[in-house]
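Here's the structure we're looking at; comments come further down.
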Amino acid sequence: MWRNMTSNIKTTCLLLIASMTLIPCYATVSTPAAATAKETPKPAMLSPQEQLATMLPSDEVTWLTTESGKFLALKRDYLAAKHRGVAIFVSDLSAPINYSLDIEPLRTSITQYGYSSITINAPSLDLFAPSTPKNEANEGVANSAESKTSEETASDTMIEATGLVEATELNATPYVQELVERINSAHKLGAMSSKEVILVIQGRQVAYLTNALIQQHLRPLRAVVVIDANVAMNENQATMYPATMKQLSQQLVQLKMPLFDIYHLWDTQIEEQMKLRKQLSIKAKQSRYRQHLKPTYSEEQTLSKVIYGWLKSLGIS
């Protein structure tokens, strides 16, 4: 019995000693090194623009700034023997900065004709105030042409008499304000190397920039190229931006600078509107207005040579 008690006492002592030797192992969790590791901040999350930049050619990625902060742009240097100017590109609304339909092949190939290119990333559509998209507007709005007010009728009478519609002052949404600032920032960069700066705008962006161009809220431009000019996105923006193709045509011909109007026949009404636009330009005596039909979206039929020829005819080369 005495032997058993002695054995139990020895076993208990051994267990106590073993447990004491294990305590320091658990204590290492709260060492200064471990505390430092816990306090090390995680890498900051990339913004959507920064994420996009990682997928674009690193030698072209450029960061420009406005009052709202930095924004993404793509810059390519001219490849010809002579530097003829700078072309600023703005892709269609919601389209990527390197939009494959016309913008990407044009911004990359125009450098062969002596023009460096700066393509800006358009602002987020979140900057638009809540509004009703056209495809969600009620049928009464869609059929408003059949129930015009007396004020609208008088306005149409004025349009028929003069061929023009008066542009309002720039009463822009935050989106357009930011878009104008980004174009001006790109212009400032381009003007450092050439005074011959042109602007190439695509799709619905044209509707949001016509007033800014007419009211000269953009830095001076030698010429403007529009590709598939389209109307504003939402019906309730009609007080600020052209909501119909007719209104858009009437504003475009008011531009005091050379305008090259490139279009595809993607709609049965486009040909009719282009004829109207041509007539309005003649009435307004806009001799530097030109149109160009591009039959397909194929990259093989580049617009660079066509645009260069037009610019050269204006003495911008």
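The values are calculated or read from the model by the stated rules, or taken from the named source; none is laboratory data. The model shown is predicted, which means the values in this text are computed figures rather than measured ones. As a convention, Cβ positions derive from the backbone with ideal geometry for all residues, glycine included, and neighbour counts pool all protein chains shown. With ligands, DNA and RNA removed, areas are computed over all heavy atoms of the protein, side chains included. Shrake-Rupley method; radii C 1.70, N 1.55, O 1.52, S 1.80 Å.
Among the residues here, Ile316 does not qualify as open to solvent by less than 10 Å² (accessible area, probe 1.4 Å), of a type in the set (Val, Ile, Thr) and in a helix (DSSP H, G or I). Just one of the listed residues (Thr302, Thr268) is of a type in the set (Ser, Thr, Tyr) and farther than 25 Å from Glu196 by Cα, and it is Thr268.
Against the conditions (1) assigned to a helix (DSSP H, G or I); (2) modelled with pLDDT of 95 or more, where does Ala212 fall short? Just the number, please. Here Ala212 clears every test but (2).
For the subset of the stretch 65-97 comprising residues that are among the hydroxyl-bearing types (Ser, Thr, Tyr) and within 17 Å of Leu303 (Cα to Cα), which member is surrounded by the most Cβ atoms within 10 Å (Cβ to Cβ)? Looking at residues that are among the hydroxyl-bearing types (Ser, Thr, Tyr) and within 17 Å of Leu303 (Cα to Cα), I get Ser91. Of the residues contained in the stretch 247-261, none is found to be modelled with pLDDT of 90 or more and at positive phi. Quick one: is Leu311 modelled with pLDDT of 90 or more, crowded, with 18+ Cβ neighbours inside 10 Å and aliphatic (A, V, I, L, M)? Yes; evaluated as a whole, the condition is true for this residue. Scanning the stretch 268-277 for residues that are touching a helix residue (DSSP H, G or I) at 6+ places or on another chain (Cβ under 9 Å) and either outside any helix (DSSP H, G or I) or among the basic types (Lys, Arg) (or both) yields Gln269, Arg277. Within the stretch 285-302, does at least one residue satisfy the condition of being at pLDDT 90 or above, assigned to a helix (DSSP H, G or I) and either out of contact with any Leu (no Cβ under 6 Å at 6 or more places or on another chain) or closer than 23 Å to Ser100 by Cα (or both)? The answer is no; no qualifying residue exists. Could you check, for the stretch 45-56, whether at least one of its residues is modelled with pLDDT of 90 or more, of a type in the set (A, V, I, L, M, F, W, C), in a loop (DSSP other than H, G, I, E, B) and open to solvent by less than 60 Å² (accessible area, probe 1.4 Å)? Yes, the stretch 45-56 contains a residue that is modelled with pLDDT of 90 or more, of a type in the set (A, V, I, L, M, F, W, C), in a loop (DSSP other than H, G, I, E, B) and open to solvent by less than 60 Å² (accessible area, probe 1.4 Å). For the stretch 242-259, a residue qualifies if it is open to solvent by less than 10 Å² (accessible area, probe 1.4 Å) and under 25 Å from Val197 (Cα atoms), and the qualifying residues are Leu248, Ser249, Gln250, Leu252, Val253, Leu255, Pro258, Leu259.
In the stretch 178-194, the residues that are without any contact (Cβ under 8 Å) to a residue 40 or more places away in the chain reach residues that are assigned to a helix (DSSP H, G or I) and open to solvent by less than 20 Å² (accessible area, probe 1.4 Å) with C-beta atoms within less than 6 angstrom, at least six apart or across chains, in these pairs: Val180/Ala212.
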